[in-house]
Each structure stands twice: as C-alpha cells, then as structure tokens.
Amino acid sequence: MPDFAIWPDCNIGCVFCSNPVEGFRGTNEKYTLDVITRKVKEYKEGHRRFLKFDDVSDYFNLTGGEPTLNPDFLKILGHIRKEFPSRLIRLLTNGRMFAYEKFCKSVFAIGGDKFEAAIPIFGYDAKTHESISRAPGSFENTMEGLRHALDARKDNQKVEVRVILTRIQVKFLDGLIEMLLERFPDIDRLCFLFVEVEGFAEKYRDRLVFPMSECATHVDRNYENLQKLKEVRLYHFPLCTLPTRLWPFVHNTLSDIKLVENHEECAKCVYKESCVGVHRSYMKYMGAPDIKAITMERSVTLSGDRYRPVSYTEEVVS
C-alpha cells in the first residue's frame with residue numbers, strides 16, 4: 001500500500017502533522033499532473049517510487065498535505081483508477097473540499113469500485129475540533145463534507161473517520177464518539193491512530209505524547225459505545241499496551257522503517273509474531289515505558305492474518 005503524496009500544501013494546520021517541516025510545503029511543481037502521471041508509469045513498470053510500502057501492491061493511500069487541493073485532483077484520481085482498475089484506492093483527506101457536494105460526488109464517481117475516503121475529526125464541536133485543526137470554519141466544513149461523502153458512496157465504497165490520539169485529543173474523546181453515534185452512525189469504520197511524532201509534530205511533542213497504556217484507558221472507557229459502530233480499528237498499538245478486550249480492534253500497518261529493531265521486551269513476548277512492534281518515535285520521545293513482554297497466553301483467538309492478528313477474545317477485561 002504505497003503512500004502516494006498528491007499535494008504538499010494543506011488548508012488546516014494540525015499540531016500533530018507528520019509532514020516534514022522543510023522541503024515539502026510549497027513544492028507544488030513536484031505534484032503537477034505530468035509529474036504524477038510519470039511517477040505512476042514508472043511505478044507500474046516496477047521502479048521504486050514510494051518511500052513507504054513501495055513493494056506492497058494491495059492498495060494506494062493518496063495523501064498530502066491535502067490531496068484534494070491539487071487543481072488536477074480529479075484527473076489524477078481518474079488516471080490512477082484507469083491504470084489500476086482493481087486496486088483499492090484510499091483517499092486520506094480532511095474532508096473540507098467535500099463540503100462542495102458536486103466535487104464530492106465526482107470524487108466517488110471517479111474513484112469507482114474499491115474506493116475509500118478517510119476523514120479525520122478532532123473534536124465534537126467547532127471549539128474542540130478547531131483547537132487542533134487551527135483553521136476557523138473547518139469543523140462545519142468537515143461535518144458537511146462527511147455527510148456528503150456518506151451520501152455519495154456506492155456499493156464497495158467506504159467512508160471512515162480517523163481520530164489521531166494525542167494528550168490533547170483524548171480530552172474530547174468521549175464527546176467525539178457520542179457525537180459520531182448521534183450524527184453519523186452510518187460511518188463504515190472508526191480508526192484510532194496513536195500519534196506519530198515526526199516532522200512538524202516534533203515541535204509540539206511535549207503537548208502531544210503520553211504513555212500508550214494511558215491512552216488505551218481512554219479508548220477502553222468507551223468500549224460499549226464502540227461496539228455500536230460497524231467497525232473499529234486501532235493503529236500503531238503494541239498488544240501489551242492495551243486491555244485484552246481491545247485486541248480484536250488492532251490492525252498492524254506500520255512500515256518496518258518506523259519500527260524499533262530488536263526491543264528486548266518484544267523478544268520475550270509470546271505474541272511477538274502477532275504484534276506491530278514499537279514505533280521509533282515512541283521510544284525516542286517517551287522511552288516506551290509500558291512495553292512489557294506478555295509471557296502467558298490470553299483467552300484470544302488468533303486470526304493468522306498479520307494485519308489483523310486477533311479475531312476474537314473471550315475476555316471482557318484485561
């Protein structure tokens with residue numbers, strides 16, 4: 001699943017943004033239709049063109065900046081779909097451009113079969129959301145855009161909501177989940193991502209990072225409400241940091257280049273083959289204090305799927 005950057009600039013200013021501080025924003029000439037078309041051609045011919053997951057061919061993540069700001073976005077999306085008619089395309093977008101209903105419908109129409117849109121939400125109202133997005137009006141845009149996306153999706157298309165878990169974000173988590181259940185119970189998936197302290201986010205790391213196990217308690221507190229949704233996923237969490245009943249939500253998606261090699265606790269863990277491992281930034285900025293080997297098996301059923309390792313648990317508490 002190559003991460004394919006479509007546009008470097010963005011119309012919000014999240015404090016946890018992982019894009020590079022220098023050499024990325026404002027480099028629009030590197031993301032023209034001609035440049036991207038050539039990159040797609042070279043990738044299809046077998047050349048390495050993506051830093052992350054270049055050798056994985058199951059789907060594309062279209063990223064940014066904000067990819068929908070590219071003035072040729074619809075043409076680019078159409079070209080990728082033409083060249084890869086059977087591949088899943090997932091668009092990572094803040095959803096503000098989807099407030100333009102015609103544009104939103106065009107994106108889903110061109111995306112075609114096996115297309116998904118992933119939209120982050122930071123809070124349950126304008127004050128909480130925009131304290132993180134730092135863009136006035138972005139909450140209303142995103143809410144309208146999310147509704148348009150849900151209305152525009154067709155069979156074999158999905159709309160997911162993403163929540164980036166930081167020390168700031170979890171203050172609003174309960175209200176955010178309740179808001180989603182009230183206003184958007186028809187979302188296809190809710191994904192929680194523990195913050196990756198990279199790029200711009202490094203500047204604000206002291207405000208963002210906290211122990212994963214502490215973060216997990218905030219998610220677990222909402223377990224009953226999460227059960228009401230179609231699907232819930234947890235990204236970037238080692239199994240040892242989570243209550244056992246959250247394990248079926250875990251999905252392993254981190255590139256090897258982001259992971260700590262040979263953590264001494266991981267080497268002793270009975271679930272080391274099923275776990276994502278430890279993110280380098282978590283080790284660098286937090287010291288990974290809650291990474292502890294699990295030495296006794298728990299009442300879980302392993303799926304055999306490296307990306308979603310636990311299919312079922314009989315335990316309701318850790």
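Values quoted throughout were computed directly from the atomic coordinates according to the rules given, and no laboratory measurement underlies them. None of these values were measured; they are calculated from a predicted model. Glycine also receives a Cβ, built like all others from the backbone with ideal geometry; neighbour counts cover every protein chain displayed.
Tell me the relative contact order for the chain as a rounded percent, counting alpha carbon contacts under 8 Å between residues six or more apart.
On the way: 598 pairs, mean separation 47.2, N = 318.
So the answer I get is 15 percent.
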Table column - 3J(HN,Hα) (Hz), the stretch 94-103, Karplus curve with 6.51, -1.76, 1.60, x for Gly and Pro: 6, x, 5, 5, 6, 5, 7, 4, 4, 4
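Cα gyration tensor of the stretch 201-318, axes a ≥ b ≥ c as square roots of the eigenvalues: rounded (a/c below 1.5), prolate (a/b > b/c) or oblate? Each step should come with its number before you reach the end.
On the way: a/c = 1.68, a/b = 1.22, b/c = 1.38.
Oblate, since a/c reaches 1.5 and b/c is not below a/b.
Taking 0.36 nm per residue of separation and subtracting the Cα-Cα distance, what length does fully extending residue 207 through residue 113 add? Mind dumping the intermediate values first?
Values: separation 94, 0.36 × 94 = 33.84 nm, distance 4.04 nm.
So the extension gain works out to 29.8 nm.
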Enumerate the amide H contacts of residue 12 below 5 Å, restricted to partners 5 or more residues apart or on another chain; note that Pro and chain-start residues carry no placed amide H. none
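At R0 = 25 Å, how high is the FRET efficiency between residue 154 and residue 227 if r is their beta carbon distance? Nearest 0.05 is fine.
Values: r = 27 Å, r/R0 = 1.08.
Given R0 = 25 Å and the Cβ-Cβ separation, E is 0.40.
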How large is the charge dipole for the chain, taken about the Cα centre, if only the Cβ atoms of Lys, Arg (+1) and Asp, Glu (-1) carry charge, to the nearest 20 debye? 500
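Could you tell me the calculated FRET efficiency between residue 178 and residue 103, based on Cβ-Cβ distance and R0 = 30 angstrom, to the nearest 0.05? Before the final figure, lay out the partial values.
Numbers: r = 30 Å, r/R0 = 0.99.
Plugging the Cβ-Cβ distance into 1/(1 + (r/R0)^6) gives 0.50.
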Using θ = phi - 60° and the Karplus curve 6.51 cos²θ - 1.76 cosθ + 1.60, what whole-Hz ³J(HN,Hα) does each residue of the stretch 75-85 get, with Gly and Pro shown as x? 5, 5, 4, x, 5, 5, 5, 5, 6, 10, x
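Per residue of the chain, what 222 nm ellipticity follows from adding -39500 (n - 2.57) for every DSSP H run with n ≥ 4, rounded to the nearest 500? Spell out each step's value before the answer.
Numbers: 11 runs with 96 residues, N = 318.
Helix-only estimate at 222 nm: -8500 deg cm²/dmol.
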In whole Hz, what ³J(HN,Hα) sequence does the stretch 282-289 give by Karplus (6.51, -1.76, 1.60; θ = phi - 60°), x for Gly and Pro? 5, 5, 5, 9, 10, x, 6, x
Tell me which residues come under 5 Å, amide H to amide H, from residue 5 once H is placed; ignore anything under 5 positions away on its chain. 63
What translational D, rounded to a whole number of µm²/s, comes out for the chain from Stokes-Einstein when the hydrodynamic radius is the Kirkwood one over Cα pairs, at 10 °C and 1.306 mPa s? 78
To the nearest 10 degrees, how steeply does helix 138-152 sit against the main Cα axis of the chain, on a 0 to 90 scale? 80
Would you grab the residues whose amide H sits under 5 Å from the one on residue 233? Only those 5+ places off in sequence or on another chain, please, with H modelled 1.01 Å from N. 190, 191, 192
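Taking neighbour counts of Cβ atoms within 10 Å as a proxy for exposure, in what order, fewest first, do 73, 24 appear?
Numbers: 73 24, 24 16.
Least to most surrounded, the residues fall as 24, 73.
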Charges at C-beta only: +1 for Lys and Arg, -1 for Asp and Glu. How large is the resulting dipole of the stretch 257-317 about its Cα centre, in Debye rounded to 20? 280
